[in-house]
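A.B. asks: This is the structure I have questions about; it appears just below.
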Amino acid sequence: MESYKFKDLKIGKSSSFKVKITKKIFSNFLLLSKDLSKIHVDENFSKKYGFKGKVVHGMLIATFFSRLVGMNLPGKYSLLTNIEIKFNKPAYLNDTITIKGKIESLNNAYKVAIIQIKAINQFKSIISTAKAMVKLNE
């Protein structure tokens, strides 16, 4: 876990990590969310509507945005106070997703960072973007 303090942050500072969407991660999210929509659990249904297979929940991808903020950028002292998320393309089982975050702006008076986040699949397609407002509590 990183432990950047506000004074350590600079516009343009970035961080990233990769995660593979395994069956275990997918199944655990199904158990947690209880979202059993056919688009997520029925391969034939998903294919009928033009998808390659079961569609991974967008909010599963968004959990990695929280991980980026809480563990990497800024890490220990951060509190995610607001996030705007867009889902551009579907993710599927066994996709490898790169989560990239970059500081866009800093508010010194309130110790708030705005972080632009992207989720990019193994084919270099942006599957989701987010704009996160992060308060540093130090």
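Bear in mind these aren't lab numbers, they're just calculated from the coordinates by the rules spelled out. Every value quoted in this text rests on a predicted model; they were computed, and no experiment measured them.
A.B. asks: Go through region 100-114 residue by residue and turn each phi into a ³J(HN,Hα) via Karplus (6.51, -1.76, 1.60, θ = phi - 60°); whole Hz please, and just put x for glycine and proline.
C.D. replies: Calculated HN-Hα couplings, in order: 10, x, 9, 6, 9, 7, 9, 10, 5, 4, 9, 6, 10, 10, 9 Hz.
A.B. asks: Convert each backbone phi in region 14-22 into a coupling constant with the Karplus relation 6.51 cos²θ - 1.76 cosθ + 1.60 (shift: θ = phi - 60°), then list the ³J(HN,Hα) values in order as whole Hz, x for Gly and Pro.
C.D. replies: Values per residue, Gly and Pro as x: 9, 7, 7, 7, 10, 9, 9, 7, 7 Hz.
A.B. asks: State, as an integer percentage, the relative contact order of region 7-136 based on alpha-carbon contacts under 8 Å between residues 6 or more apart.
C.D. replies: Computed value for region 7-136: 29 percent relative contact order.
A.B. asks: Sticking with this structure for a sec: Under a GNM of the chain (C-alpha, springs under 10 Å), which listed residue has the highest mean-square fluctuation: G50, G12, G75?
C.D. replies: G50
A.B. asks: List every residue whose amide H lies under 5 Å from the amide H of Y77, counting only residues 5 or more places away in sequence or on a different chain, with H placed 1.01 Å from N in the peptide plane.
C.D. replies: Counting only residues 5 or more places away or on other chains, the set is Y4.
A.B. asks: Are any of the pairs K23/K89; K54/K102; K38/K89 more than 28 Å apart by Cα-Cα distance, and if so, which?
C.D. replies: Cα-Cα > 28 Å for K54/K102; rest within.
A.B. asks: Which residues' amide hydrogens lie under 5 Å from the amide hydrogen of V56, considering only partners 5 or more residues apart or on another chain, with H built in the peptide plane?
C.D. replies: A91, Y92, L93
A.B. asks: Could you pull out every one of the aspartates and glutamates with an alpha carbon less than 15 Å from that of K124, ignoring same-chain neighbours closer than 8 positions?
C.D. replies: Once the sequence-local aspartates and glutamates are set aside, what remains near K124 is D95.
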